[in-house]
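Below is one structure, written out as structure tokens; comments come after it.
The values are calculated or read from the model by the stated rules, or taken from the named source; none is laboratory data. For clarity, every value in this text was computed on a predicted model and none was experimentally measured. Because the Cβ atoms are built from the backbone with ideal geometry, glycine has one as well, and the counts that use them run over all protein chains shown. With ligands, DNA and RNA removed, areas are computed over all heavy atoms of the protein, side chains included. Shrake-Rupley method; radii C 1.70, N 1.55, O 1.52, S 1.80 Å.
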Amino acid sequence: MPRKYTPQRYTSKGEAAAIETELLRDYRFGQQQLIEIWGQACALAITKAYPLGSLTKKQPTVLVICGPDQNGSIGLVCARHLRMFEYEPTIYHPKRSSHSLHQDFTVQCEKMDIPFLSYLPTEVQLINDAYNLVIDAMMGPEADCANIKEPYSGILVTLKQIKIPIASVDVPSGWDVEERSQDGINPEVLISLTAPKKCATSFTGKHFLAGRFLPYDIQKKYELNLPDFPGTDCLVEL
């Protein structure tokens, strides 16, 4: 009997926070465990959106821009897995968190000989020439997009001018979680984590849902109506 179609549910900022709290508190997931799941799934989404053979530059270079909070940690994990998948990531991580988890993920990247930039060129052509794409892992759902401080406000100005593709993790930096920002960056790819956020309803690019681990009781409680994942994949294109 065919499954009855139910529309995809997009979560609010409050719902996203509540789901994560339940995973950590009631289901005893560890924060490091969740970040690892999400980061690996993000790397897999990049391999589907931008396979090695499709990259236009001689080297499979990728610039990963990481923020100071959880999205930044996910970006670090994504970079490490991309290195394992034979891409050549470079990380720009202007304000490193003092959180021990964040420091652990940073050390793991350093031990993989992934280079870290000391500054982001303001000359956008240098970025266009050096990298095939940019992964935006700056600001997650918890960010206050109305009060973006330096260095991130300056980075957003640069990202609005580059010509190479941008892939954003969970929420494009500068967007409100609840709605698309008219003044924000315009990513080609969006990788939603756990469940897509309300701002993604107007997203017209390539959209992946990453992280096939959410307990069925949580899916049911929040009426997420998650799509069927193909085979044993941990991500699905929406």
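Taking amide H as placed 1.01 Å from N in the peptide plane, the amide H of Gly140 sits under 5 Å from that of Asn71, each at least 5 places away or on another chain.
Taking the DSSP beta bridges with both ends in the chain, the antiparallel portion is around 10 percent. Using Cβ-Cβ distances only, list the Cys residues of the chain with no partner cysteine under 4.7 Å, sorted by number. Singleton cysteines: Cys66, Cys109, Cys145, Cys199, Cys234.
Overall size of the range 86-238 from C-alpha positions, given as principal axis extents largest first: 46, 38, 29 Å. Between the helical axis of 100-111 and the dominant principal axis of the chain, each derived from Cα atoms, what acute angle in degrees is found, rounded to the nearest 10? It is inclined by approximately 50 degrees.
Relative to the longest principal axis of the Cα atoms of the chain, the long axis of helix 31-49 makes an angle of roughly 70 degrees.
Over the chain, what is the relative contact order in whole percent, taking alpha-carbon pairs under 8 Å and six or more residues apart?
Values: 415 pairs, mean separation 51.7, N = 238.
About 22 percent, as a whole number.
Among the protein heavy atoms of the chain, carbon and sulfur supply 50% of the accessible surface, probe 1.4 Å, non-protein parts ignored. Backbone geometry of the range 222-234 corresponds, through the Karplus equation with coefficients 6.51, -1.76 and 1.60 at θ = phi - 60°, to 3J(HN,Hα) couplings of 9, 6, 6, 6, 5, x, 6, 7, x, x, 10, 5, 9 Hz, x marking Gly and Pro. The amide H of Lys197, built 1.01 Å from its N in the peptide plane, has Thr11 as neighbours under 5 Å, considering only residues 5 or more places off or on other chains.
Each residue of the range 112-117 was assigned a 3J(HN,Hα) from its phi angle through the Karplus curve 6.51 cos²θ - 1.76 cosθ + 1.60 (θ = phi - 60°); the sequence is 8, 6, 7, x, 10, 7 Hz, with glycine and proline shown as x.
Roll a 1.4 Å probe over the protein chains and send me the accessible area per residue for the range 15-142 in Å².
Values: 5800 Å² over 128 residues.
Per-residue accessible area for the range 15-142 comes out at 45 Å².
Under a 5 Å amide H cut-off, with hydrogens placed 1.01 Å from N, Glu88 pairs with Thr61, Val62 among residues at least 5 apart or on other chains.
Helical content alone sets the calculated 222 nm signal of the chain at -10500 deg cm²/dmol, taking -39,500 (n - 2.57) per DSSP H segment of four or more residues and averaging over every residue. Once the Cα atoms are used to define both axes, helix 70-84 deviates from the longest principal axis of the chain by about 70 degrees. Using θ = phi - 60° in the Karplus curve 6.51 cos²θ - 1.76 cosθ + 1.60, the 3J(HN,Hα) couplings for the range 207-214 round to 10, 10, 10, 10, x, 9, 8, 5 Hz; x is entered for Gly and Pro. Placing unit charges on the Cβ atoms of the charged side chains and taking the dipole of the chain about its Cα centre, the candidate lying farthest along the positive direction among Leu224, Ala143, Gln125 is Leu224. Around the Cα centre of the range 11-235, unit charges on the Cβ atoms of Lys, Arg, Asp and Glu (plus for the first two, minus for the last two) sum to a dipole of about 320 debye. Once the Cα-Cα distance is subtracted from the 0.36 nm per residue extended length, the Glu188 to Ser100 segment shows a gain of 28.4 nm.
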